[in-house]
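S.K.: I have a structure I would like to understand better, so I am pasting it below and will then ask my questions one at a time.
The values are calculated or read from the model by the stated rules, or taken from the named source; none is laboratory data. Given the structure is predicted, the values throughout are model-derived calculations rather than measurements. Here the Cβ is made from the backbone with ideal geometry for all residues, glycine too, and neighbour counts use every protein chain on show. With ligands, DNA and RNA removed, areas are computed over all heavy atoms of the protein, side chains included. Shrake-Rupley method; radii C 1.70, N 1.55, O 1.52, S 1.80 Å.
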Amino acid sequence: MAPTPSEVTAVTFWMVTVIMAPLGLTAGLALLRRGRGPAAPPPVRRSAGGLWTLAALGIGALVLGGTLDFLEAGSAGGLSLMAMHGTGTPVYWPAYALGATMLTILTLTLVPRRDTWRFVAGVPALVAGGLLMGLLLLLYGRIQQLDGRLAAEFLPTVAPTGDLSAGGPAWRVSGGWVLAFAGTFLLLLVAALIVAGPYELVLAGALAVTAALAAARATPDLSSFWAVRDGKVERVDFSPFDIGGVSLLWPAALAVAVALMCAIPFLPHGLRGPATIVAAVAPGWIVLAAHPAYVHAKAVLPGMLSAEGFTVSQERMAVFTYIFLVMAVVAIPVVAVRLRRAARRGARWPWAPAGPA
């Protein structure tokens, strides 16, 4: 993971950008807002308990992400963000610290002034969060590259045993990276919800649908492998639709949960309450559907790999499957309840801002 001189230059430029771009945007948007003349009367203030909760969770995750083990480095064990540079210049740690600090400051500035600084601080927060997310995805890509190189060296030396996943060293993201990603995402979500304003429910609903569809494309734990065929290591991916059988319960459970959530505003008044309750407990039956899908996949995948000529395989960590799953099971109940409330307040159409009661 030691950065090359070109990577040191690129990350240094990134650090300058993560400071100058948000601050420049804030100044420019503030001047533009002032140039428009007297501001409109501020809207009636709404409770921001949910936004503060998301912000607190995000900031806490960012702090922990910079201190816990960031990755599992082959046979060397866990490494923190500071330690993973090896003998190279430690540019990733200051870049992460700088990006996380900038995003935190902008979020803490935005939430208490969300009615008046919605765009002035909201758009720069989105830019700062996007830059930090890009850095984390860059590091994820490097870790995956190293994992592929290690698999190419290690797996061809393993004698076939018929097991689905051979043991051995691997490069994988650890809890620090996951927490850093989660913290960045939560603070980005806070800024996005504030910028969306009265259409925040549209954004939340789109997030729930997107996360559910993304999670449905991969069977939990058994979706991606490094596999050896003719002495060469290849990446092999499986979806529940490739596996078939009971594994289809997994995407079916997610699809039903999303369909029920989206249908709540269109249902007759008497059915909205029961539908909301069923959608609110969707995480339970989504998790229940995952168990038989996992058992079936584990039983049939060795034969599927053998039929395609693969002799040895090693499971890859499909971390984004879990990220999308967590996003879906959290967002679906929340959006379902919010849709129910919006329908009760007499929204002009299901996803529009609600009118007077």
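S.K.: For the stretch 269-296, give me the residue count where each residue is under 25 Å from ALA318 (Cα atoms), crowded, with 16+ Cβ neighbours inside 10 Å and among the small types (Gly, Ala, Ser).
M.R.: Total satisfying the criteria: 4.
S.K.: To continue, here is another question. Hey, among the residues in the stretch 57-111 that are more than 18 Å from LEU135 (Cβ to Cβ) and without any contact (Cβ under 8 Å) to a residue 12 or more places away in the chain, which one's least open to solvent (accessible area, probe 1.4 Å)?
M.R.: Of everything passing the filter in the stretch 57-111, GLY77 is least open to solvent (accessible area, probe 1.4 Å).
Residues checked against (1) farther than 30 Å from GLY197 by Cα; (2) at pLDDT below 90:
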position	(1), (2)
ALA27	no, yes
ARG34	no, yes
ARG45	no, yes
LEU54	no, no
GLY88	yes, yes
THR104	no, no
THR107	no, no
ARG114	no, yes
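S.K.: Among the residues that make up the stretch 145-152, is at least one of them at negative phi, not in a helix (DSSP H, G or I) and not aromatic (Phe, Trp, Tyr)?
M.R.: No: the stretch 145-152 contains no residue that is at negative phi, not in a helix (DSSP H, G or I) and not aromatic (Phe, Trp, Tyr).
S.K.: Related question: Could you say which residue among GLY162, GLY167 is in a loop (DSSP other than H, G, I, E, B), on the phi > 0 side of the Ramachandran plot and open to solvent by 20 Å² or more (accessible area, probe 1.4 Å)? Walk me through how you get there before you give the answer.
M.R.: Details: GLY167 fails: on the phi > 0 side of the Ramachandran plot.
Exactly one of GLY162, GLY167 is in a loop (DSSP other than H, G, I, E, B), on the phi > 0 side of the Ramachandran plot and open to solvent by 20 Å² or more (accessible area, probe 1.4 Å), namely GLY162.
S.K.: Just one of GLY183, GLY197, GLY176, GLY129 is outside any loop (DSSP other than H, G, I, E, B), over 29 Å from VAL312 (Cα atoms) and at pLDDT below 90; which is it?
M.R.: Values: GLY183 fails: at pLDDT below 90; GLY176 fails: at pLDDT below 90; GLY129 fails: at pLDDT below 90.
Result of the check over GLY183, GLY197, GLY176, GLY129: GLY197.
S.K.: Same structure, new question: Among the listed residues PRO265, PRO283, PRO302, identify the single one that is out of contact with any helix residue (DSSP H, G or I) (no Cβ under 7 Å at 6 or more places or on another chain) and not small (Gly, Ala, Ser). Steps first, answer last, please.
M.R.: Values: PRO265 fails: out of contact with any helix residue (DSSP H, G or I) (no Cβ under 7 Å at 6 or more places or on another chain); PRO283 fails: out of contact with any helix residue (DSSP H, G or I) (no Cβ under 7 Å at 6 or more places or on another chain).
After ruling out the rest, the residue left standing is PRO302.
S.K.: Quick one: in the stretch 131-158, of everything that is among the aliphatic types (A, V, I, L, M) and without any contact (Cβ under 8 Å) to a residue 24 or more places away in the chain, which residue is surrounded by the fewest Cβ atoms within 10 Å (Cβ to Cβ)? First the steps, then the outcome.
M.R.: First pass over the stretch 131-158, keeping only residues among the aliphatic types (A, V, I, L, M): 131-133, 135-139, 143, 146, 150-152, 155, 158.
When the remaining residues are screened for being without any contact (Cβ under 8 Å) to a residue 24 or more places away in the chain, the result is 137-138.
Details: LEU137: 12, LEU138: 16.
Looking at residues that are among the aliphatic types (A, V, I, L, M) and without any contact (Cβ under 8 Å) to a residue 24 or more places away in the chain, I get LEU137.
S.K.: Check ALA218, ALA227 and return the single one that is within 17 Å of the chain's Cα centre (by Cα) and hydrophobic (A, V, I, L, M, F, W, C).
M.R.: Numbers: ALA227 fails: within 17 Å of the chain's Cα centre (by Cα).
The match here is ALA218.
S.K.: Determine which member of the set PHE266, PHE310, PHE238, PHE324 is open to solvent by 30 Å² or more (accessible area, probe 1.4 Å), in contact (Cβ under 8 Å) with a residue 24 or more places away in the chain, of a type outside the set (S, T, N, Q) and within 30 Å of LEU137 (Cβ to Cβ).
M.R.: One residue alone meets the criteria, PHE324.
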